[in-house]
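S.K.: Encoded as structure tokens, here's the structure I'll be asking about.
The values are calculated or read from the model by the stated rules, or taken from the named source; none is laboratory data. All values derive from a computational prediction rather than experimental measurement. Note that we place each Cβ from the backbone using ideal geometry, even for glycine, and neighbour counts take in every protein chain shown.
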Ligand SMILES: Nc1ncnc2c1ncn2[C@@H]1O[C@H](COP(=O)(O)OP(=O)(O)OP(=O)(O)O)[C@@H](O)[C@H]1O
Ligand SMILES: [Mg+2]
């Protein structure tokens, strides 16, 4: 079964590459759509030159700043809204608007206020991402299983123990799911903000290649970034989720963070 | 069950929830005024000023042109991603082989940032409709595919067997069993798809167009016309809210009608 | 309790196709699995008279569902065949299915669920569905959704749906096994009453001896790949579950049922 899955994976990847190569070479479109070999060669060159390290590090640093801010705001608001009917009603409209807000707005307004600094991507990412985390935490807090709380008090479990073993345990997965989701949003918005206002980072480099009209360059940076993201998502985050929440049904496809 | 409790409680507490909402809006406005007072006016204009500017854009007709262009691209991007996403989602639901075959496309698709697609489609298609639309379709389809796939998986085999036992034809099964049972998932795919399409179209308009809200916003930023940027933002949010409450919410109510009926009946 | 509900309906308001006979001819089924082939049963010959209530009894895994699925055309037999015959000799017979779980479309009301299976019936009207819902005692529930009905009521809709296509043969695979005993007993009584009103052959699968005796005219016992027991049910209807005759016959049947082990 497992090897079979790998074979199919290989088949679908090869199918895509062959399709791309045929389109590029067969129809002589290499100037417009580049080709797998060109991108691969340029990727190897980029990796060997080491130029990518600085940009990747800058982007990652900004993603982490944004994510930390998102986590703080998102968690606090989610808990407050989940515990208090008043704040639930007072803030609900902002969450609705926040969920629908186009990311470009956040990027541009952050850029107006904070210019070419790390604060711009941080604020833009947090502004777009935190409503998603708030929503998850808030629903998690609301849906705490009251039967389990009743069971706990029937067995004279202390309040602290019940909070730790029931409330915390049942909100944690929601929190983690929301955090993962907003992490995906953070790196997407960070690249966008870099494109609007930055002089380094993956988003900046994609724009730079774009202005050089180099499709190979755009694709090279995209492939590099995608590989790193896939590694972080599936190599790290999904593994943590699997270990920590083994009792929960896991989702096969994790990154859903809307752009 | 839970719904009935809540409705009952809400019935009594309506005034206080309304107060909370109004309080929320007032606090928001106050915060805006405060920021506007502290920051230089061009960075953070007052609410009324912004509305005045927005009205100016509407009156002069500029707003219609750019909002219209963005809406038009959003529509096509959304339709395209629904078609591609539904096709792949259905294929993924049909059998194991195709699920595994398409999973990498969906997973990789989810991890490519919109700006990358926007750059690629601009270089390929130039300033045509295909630029922003292509970027939108390529960014959005994985989200729809996942929802459709879950919807197809959710169809109960027992009901399919039942239909076969009663000799139901495929078109009827599709209309009466498959589509209704996948509807909540299709709808959430639809919703998600629409929400993302707005966002991607505005992003793609940065490079791939010379009209549209995204293009205008970028332009105002580069020309340091920050008050105008605020006016555009307000206008666009109003459009999104109109679509949300005037179109998506009513549709949602219809899709989930049978569930709601069932819930209400539990009251009695 | 249940008597009151169905009294309002007269069988005359429903014109029913008459019952058909069922003939199994040298029927056999073998599954091909990864571990090799698995013969469930073979060489089964059986004739069931029109209008008979037959219960097929067997332990778990004996092949009851397999046989029912072959009779209902869901599975192909490996050998032999199944023939249905109307009293006039024609072989064009409607089959009505009742499943172990009700299998109702959750987004459709009771009436719509019945309407669903009338695809090829141009004369269908909702009054038709309502007549059958009346028949199974669901007079005031026409427009309810399945989630608004109890498990027993849902199964009644399943029965009404099967009857509504006017089958010559009604096929039932443990339809009451998911219900509590009291509800199941009430439904059995009602099923018998409906069956007595309408002329139907019933092929009913169960693993419960009491249920088989309460319902059937004839009990078939399946085990070790063959029909090893074929009992006429001598009890008069209506049947009292605690009468001496019932308990005596039950003893005898149970002895036969367990004889396969030795
Ligand atoms: N599709 C299949 N492929 C292979 N073997 C099967 C298949 N379906 C049933 N069997 C086998 O055939 C035998 C009879 O199964 P069947 O479902 O008919 O039993 P049953 O008498 O209905 O049992 P129960 O009372 O538990 O429902 C079992 O040993 C089962 O493993
Ligand atoms: Mg069975």
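S.K.: Residue by residue through region A:185-206, note down the ones that are part of a helix (DSSP H, G or I) and surrounded by fewer than 24 Cβ atoms within 10 Å (Cβ to Cβ).
M.R.: Scanning region A:185-206 gives a single hit, A:204.
S.K.: Tell me yes or no: at least one residue of region B:123-145 is more than 19 Å from residue B:72 (Cα to Cα), more than 10 Å from every other protein chain (Cβ to nearest Cβ) and buried (at least 18 other Cβ atoms within 10 Å of the Cβ).
M.R.: Step one: of region B:123-145, the residues more than 19 Å from residue B:72 (Cα to Cα) are B:123-124, B:142-145.
Next cut, more than 10 Å from every other protein chain (Cβ to nearest Cβ) only: B:144.
Now restrict to residues that are buried (at least 18 other Cβ atoms within 10 Å of the Cβ): B:144.
Yes, because at least one residue in region B:123-145 is more than 19 Å from residue B:72 (Cα to Cα), more than 10 Å from every other protein chain (Cβ to nearest Cβ) and buried (at least 18 other Cβ atoms within 10 Å of the Cβ).
S.K.: Which of the residues that make up region B:219-246 are surrounded by fewer than 22 Cβ atoms within 10 Å (Cβ to Cβ), within 7 Å of another protein chain (Cβ to nearest Cβ) and free of Cβ contacts under 8 Å to residues at least 60 places away in the same chain?
M.R.: Passing the criteria: B:221, B:237, B:240, B:244.
S.K.: If you don't mind, another one. Could you tell me whether residue B:112 is more than 16 Å from residue B:81 (Cα to Cα) and surrounded by fewer than 24 Cβ atoms within 10 Å (Cβ to Cβ)?
M.R.: Numbers: more than 16 Å from residue B:81 (Cα to Cα): no; surrounded by fewer than 24 Cβ atoms within 10 Å (Cβ to Cβ): yes.
It is false that residue B:112 is more than 16 Å from residue B:81 (Cα to Cα) and surrounded by fewer than 24 Cβ atoms within 10 Å (Cβ to Cβ).
S.K.: State the number of residues belonging to region C:72-83 that are surrounded by fewer than 22 Cβ atoms within 10 Å (Cβ to Cβ), more than 11 Å from ligand 1 (Cβ to nearest atom) and touching a residue at least 24 places away in the same chain (Cβ under 8 Å).
M.R.: Qualifying residue count, region C:72-83: 7.
S.K.: Still on this structure, I have one more. With the condition kept exactly as written, say whether any residue in region C:115-130 is within 16 Å of ligand 1 (Cβ to nearest atom), facing chain B (nearest Cβ under 10 Å), farther than 20 Å from residue C:222 by Cα and at pLDDT 90 or above.
M.R.: Within region C:115-130, none of the residues are within 16 Å of ligand 1 (Cβ to nearest atom), facing chain B (nearest Cβ under 10 Å), farther than 20 Å from residue C:222 by Cα and at pLDDT 90 or above.
S.K.: Going through C:62, C:42 one at a time, which residue ends up being more than 11 Å from ligand 1 (Cβ to nearest atom) and either assigned to a strand (DSSP E or B) or more than 14 Å from chain B (Cβ to nearest Cβ) (or both)?
M.R.: C:42
S.K.: If you take just the strands (runs of 3 or more DSSP E) that sit entirely in region C:163-224, which of them hold at least 1 residues that are away from chain B (no Cβ under 14 Å) and either surrounded by fewer than 20 Cβ atoms within 10 Å (Cβ to Cβ) or away from ligand 2 (no atom under 15 Å from the Cβ) (or both)?
M.R.: On the way: elements: C:169-173, C:201-206, C:218-223.
The qualifying strands (runs of 3 or more DSSP E) are C:201-206, C:218-223.
S.K.: I would also like to ask the following. Any residue in region C:54-71 that is more than 10 Å from ligand 2 (Cβ to nearest atom) sitting within a Cβ distance under 9 Å of a residue that is part of a loop (DSSP other than H, G, I, E, B) and modelled with pLDDT under 90? List the pairs, counting only those 6 or more apart or interchain.
M.R.: C:59/C:260
S.K.: Do you know which residues across region C:45-59 are part of a loop (DSSP other than H, G, I, E, B) and within 16 Å of ligand 1 (Cβ to nearest atom)?
M.R.: Within region C:45-59, C:59 is the sole residue that qualifies.
S.K.: Could you tell me whether region C:92-104 includes any residue that is away from ligand 1 (no atom under 16 Å from the Cβ), more than 20 Å from residue B:169 (Cβ to Cβ) and more than 21 Å from the chain's Cα centre (by Cα)?
M.R.: no
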